[in-house]
1. Just from its helices, what would the mean residue ellipticity at 222 nm be for the chain, if runs of 4 or more DSSP H residues each count -39500 (n - 2.57) and the sum is divided by every residue, rounded to the nearest 500 deg cm²/dmol?
2. How large is log10 of I(q)/I(0) for the chain at q = 0.11, 0.16, 0.19 Å⁻¹ when the intensity is taken from the Debye formula with one equal scatterer per alpha-carbon?
3. Stretch Glu72-Leu17 to full length: gain in nm at 0.36 nm per residue minus the Cα-Cα span?
4. Can you tell me, using C-alpha contacts under 8 Å and at least 6 residues apart, the relative contact order of region 2-85 as a whole percent?
5. Among Ala38, Ile81, Thr48, whose Cα projects farthest towards the positive end of the dipole of region 35-86, with charges put on the beta-carbon of Lys, Arg (+1) and Asp, Glu (-1)?
6. For the residue pair Asp6 and Phe26, what label-to-label distance in nm results when each label sits 7 Å from Cα along the Cα-to-beta-carbon direction?
7. Restrict the search to the chain; then list the chymotrypsin sites (Phe, Trp or Tyr not before Pro) that DSSP places in a loop and that have at most 14 other Cβ atoms within 10 Å of their Cβ.
8. State the antiparallel share, in %, of DSSP beta bridges confined to the chain, rounding to the nearest 5.
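Derivation of every value follows stated rules applied to the coordinates shown; laboratory data play no part. This structure is a prediction, so every number in the text was calculated from the model and none was measured. Positions of Cβ are generated from backbone atoms using ideal geometry, with glycine treated the same way; all protein chains shown enter the neighbour counts.
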Amino acid sequence: MKLNNDFIKHNMDGTTLVVPLAAADFHGILRGNSTVGAILELLENDITLDGIVEAMCERYDGDPAVIREDVEDVISKLRDIGAIDE
């Protein structure tokens with residue numbers, strides 16, 4: 001999976017924004033923290049859910065089960081707005 005080309009990410013003062021381009025069906029802005037930004041960076045290239053979780057576990061100190069749950073939540077929200085290409 002990877003970030004759909006109809007969406008761009010923008011970092012501003014520690015906040016990550018997912019902004020749709022004109023071609024996207026979603027019309028709004030998704031806002032997240034730096035963790036969401038790290039997930040979006042990984043989604044710039046084709047990657048699996050397990051690959052994202054593994055990279056996030058290496059980057060952040062935390063319970064792998066909680067990290068997986070958080071990653072799945074972000075991916076679910078991105079899928080809901082059409083920002084993920086499978």
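1. Taken over the chain, the calculation gives -13500 deg cm²/dmol.
2. -0.27, -0.57, -0.80
3. The span from Glu72 to Leu17 would gain 18.0 nm if fully extended.
4. Answer for region 2-85 is 32 percent.
5. Ile81
6. Each label point is offset 7 Å from its Cα along the Cβ direction, giving 1.1 nm.
7. Hits after loop and neighbour filter: Tyr60.
8. 100
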